[in-house]
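In what follows, a single structure is set out as C-alpha coordinates and then discussed.
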Amino acid sequence: MTGTFASDDEIITLSHVTPKTGQKDRFVEIQTQFQQSVAPEIEGLTGGRFYAAENGKSFVIMSRFRSRKDLENWTGSERFAAHMARVRPLLEAAKPDRFTVLYQSGIV
(Lines give C-alpha, C1' and ligand atoms only; values in the text may rest on other atoms or scores of the structure.)
Protein backbone atom coordinates (compact mmCIF):
# COMPACT_ATOMS: atom_id res chain seq x y z
CA MET A 1 0.00 0.00 0.00
CA THR A 2 1.36 3.38 -0.98
CA GLY A 3 0.69 6.45 1.12
CA THR A 4 0.39 10.11 0.28
CA PHE A 5 1.03 13.30 2.13
CA ALA A 6 -1.88 15.72 2.52
CA SER A 7 -1.43 19.23 1.23
CA ASP A 8 -4.88 20.82 1.29
CA ASP A 9 -7.04 22.40 3.97
CA GLU A 10 -8.86 19.19 4.95
CA ILE A 11 -9.60 18.86 8.66
CA ILE A 12 -10.82 15.97 10.79
CA THR A 13 -12.74 16.21 14.05
CA LEU A 14 -12.59 13.39 16.58
CA SER A 15 -14.79 13.36 19.65
CA HIS A 16 -14.43 10.74 22.36
CA VAL A 17 -17.75 10.67 24.21
CA THR A 18 -19.08 8.75 27.19
CA PRO A 19 -22.84 8.74 27.78
CA LYS A 20 -24.24 9.01 31.28
CA THR A 21 -25.42 5.80 32.91
CA GLY A 22 -28.69 4.74 31.33
CA GLN A 23 -28.37 7.16 28.38
CA LYS A 24 -26.27 5.06 25.96
CA ASP A 25 -29.18 3.76 23.86
CA ARG A 26 -30.79 7.20 23.58
CA PHE A 27 -27.47 8.77 22.61
CA VAL A 28 -26.86 6.13 19.92
CA GLU A 29 -30.39 6.63 18.60
CA ILE A 30 -30.05 10.43 18.35
CA GLN A 31 -26.52 10.35 16.90
CA THR A 32 -27.35 7.65 14.33
CA GLN A 33 -30.52 9.44 13.22
CA PHE A 34 -28.54 12.67 12.92
CA GLN A 35 -25.80 11.06 10.84
CA GLN A 36 -28.32 9.47 8.50
CA SER A 37 -30.61 12.47 8.00
CA VAL A 38 -28.69 15.71 8.63
CA ALA A 39 -25.07 14.85 7.83
CA PRO A 40 -25.69 14.40 4.08
CA GLU A 41 -26.86 18.04 3.96
CA ILE A 42 -23.81 19.58 5.67
CA GLU A 43 -21.79 21.63 3.18
CA GLY A 44 -18.18 20.46 3.02
CA LEU A 45 -18.64 17.30 5.13
CA THR A 46 -16.92 14.61 3.09
CA GLY A 47 -17.41 11.69 5.45
CA GLY A 48 -17.84 10.48 8.96
CA ARG A 49 -17.71 7.46 11.22
CA PHE A 50 -19.39 6.54 14.50
CA TYR A 51 -17.39 3.98 16.46
CA ALA A 52 -18.34 2.07 19.61
CA ALA A 53 -15.63 1.08 22.08
CA GLU A 54 -15.28 -2.63 22.68
CA ASN A 55 -15.96 -2.03 26.38
CA GLY A 56 -19.44 -0.74 25.45
CA LYS A 57 -19.04 2.44 27.48
CA SER A 58 -17.82 5.10 25.05
CA PHE A 59 -17.84 6.17 21.42
CA VAL A 60 -15.72 8.05 18.93
CA ILE A 61 -17.30 10.32 16.35
CA MET A 62 -15.11 11.22 13.39
CA SER A 63 -16.07 13.87 10.85
CA ARG A 64 -14.02 14.81 7.81
CA PHE A 65 -14.40 18.30 6.33
CA ARG A 66 -13.12 19.62 3.02
CA SER A 67 -11.79 22.77 4.74
CA ARG A 68 -11.55 24.64 8.02
CA LYS A 69 -14.06 27.16 6.65
CA ASP A 70 -16.61 24.38 6.06
CA LEU A 71 -16.08 23.13 9.62
CA GLU A 72 -16.41 26.65 11.04
CA ASN A 73 -19.61 27.22 9.04
CA TRP A 74 -21.05 23.98 10.41
CA THR A 75 -20.05 24.49 14.06
CA GLY A 76 -21.41 28.04 13.91
CA SER A 77 -24.77 26.95 12.52
CA GLU A 78 -28.12 26.77 14.29
CA ARG A 79 -28.47 23.10 13.29
CA PHE A 80 -25.21 22.25 15.04
CA ALA A 81 -26.29 24.14 18.17
CA ALA A 82 -29.64 22.34 18.17
CA HIS A 83 -27.97 18.95 17.83
CA MET A 84 -25.55 19.69 20.65
CA ALA A 85 -28.45 20.84 22.86
CA ARG A 86 -30.05 17.44 22.32
CA VAL A 87 -26.99 15.29 23.04
CA ARG A 88 -25.05 17.28 25.64
CA PRO A 89 -27.45 16.41 28.52
CA LEU A 90 -26.93 12.70 27.74
CA LEU A 91 -23.15 12.83 28.09
CA GLU A 92 -20.94 12.27 31.09
CA ALA A 93 -17.84 13.31 29.16
CA ALA A 94 -16.93 14.63 25.73
CA LYS A 95 -13.41 15.27 24.48
CA PRO A 96 -13.44 16.83 21.01
CA ASP A 97 -10.38 17.87 19.05
CA ARG A 98 -9.41 18.86 15.50
CA PHE A 99 -6.69 17.25 13.42
CA THR A 100 -4.96 17.81 10.10
CA VAL A 101 -3.67 14.98 7.94
CA LEU A 102 0.10 14.60 7.81
CA TYR A 103 0.13 11.28 5.97
CA GLN A 104 -2.53 8.90 4.66
CA SER A 105 -2.75 5.47 3.10
CA GLY A 106 -5.70 3.29 2.21
CA ILE A 107 -9.34 4.20 2.60
CA VAL A 108 -10.48 5.06 6.11
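Within region 70-108, take every residue that is acidic (Asp, Glu) and either in contact with a helix residue (DSSP H, G or I) (Cβ under 6 Å, 6 or more places away or on another chain) or not in a helix (DSSP H, G or I) (or both) and give me the one that is farthest from HIS16 (Cα to Cα). So that I can check it myself, show each step before the final result.
Residues of region 70-108 that are acidic (Asp, Glu), as a first pass: 70, 72, 78, 92, 97.
Filter once more, so that each one left must be either in contact with a helix residue (DSSP H, G or I) (Cβ under 6 Å, 6 or more places away or on another chain) or not in a helix (DSSP H, G or I) (or both): 92, 97.
Values: GLU92: 11, ASP97: 9 Å.
By that ranking, first place goes to GLU92.
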Inset, instruction - Would you mind stating whether MET62 is within 18 Å of LYS95 (Cβ to Cβ) and in a helix (DSSP H, G or I)? - result: no
Inset, instruction - Please determine, by comparing only the residues of region 10-50 that are exposed (fewer than 14 other Cβ atoms within 10 Å of the Cβ), of a type outside the set (Val, Ile, Thr) and part of a loop (DSSP other than H, G, I, E, B), which one is modelled with the lowest pLDDT. - result: GLU43
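Collect the residues in region 91-107 that are surrounded by fewer than 11 Cβ atoms within 10 Å (Cβ to Cβ), touching a residue at least 40 places away in the same chain (Cβ under 8 Å) and at negative phi, keeping them in residue-number order.
At the first step, the residues of region 91-107 found to be surrounded by fewer than 11 Cβ atoms within 10 Å (Cβ to Cβ) are 93, 97, 102-103, 105-107.
Those left that are additionally touching a residue at least 40 places away in the same chain (Cβ under 8 Å): 93, 97, 102-103, 105-106.
Across region 91-107, the qualifying residues are ALA93, ASP97, LEU102, TYR103, SER105.
The values are calculated or read from the model by the stated rules, or taken from the named source; none is laboratory data. From a predicted model like this one, the values you see are computed outputs, not experimental measurements. All Cβ positions, even for glycine, are placed from backbone atoms using ideal geometry, and neighbour counts span all protein chains on display.
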